[in-house]
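Please read the structure below before turning to the comments.
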Amino acid sequence: MALWDIGFRNIVDVDGQLLAIDADLIDPATLLAKANRPADGPLWLVRAGERLLLQPRQMIRLNQDEVLFFETAEVRQAWEPARLAA
């Protein structure tokens, strides 16, 4: 069965977990809830090696032609010691 047969149009990655989402716009709290993360936690958009902190009420536009990558505080804290050691 093809992906478009089940109604999902957009793919996002939250902390390495791929999620299929049908909506074109989503807010950070809803995205975190779909990824089974605390809905009130911080969420970073990772693009071209840069991390951009998203505001709680900021809407995220999803695109069928690209996968968006997001990180939460748990993943970000795990990378900090590795960055210091390097």
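Readers should treat all values here as calculations from the given coordinates under stated rules, not as data from a laboratory. Computed from a predicted structure; not experimentally measured. Using ideal geometry, Cβ is built from the backbone for each residue, glycine included, and neighbour counts are taken over all protein chains shown.
Backbone N atoms of region 38-67 closer than 18 Å to the 7 Å Cα→Cβ label point of residue 24 belong to residues 59-67. Neighbour counting of Cβ atoms within 10 Å sorts the residues 37, 47, fewest neighbours leading, into 47, 37. Spacing of the modelled spin labels on residue 36 and residue 67, each 7 Å from Cα toward Cβ, amounts to 1.9 nm.
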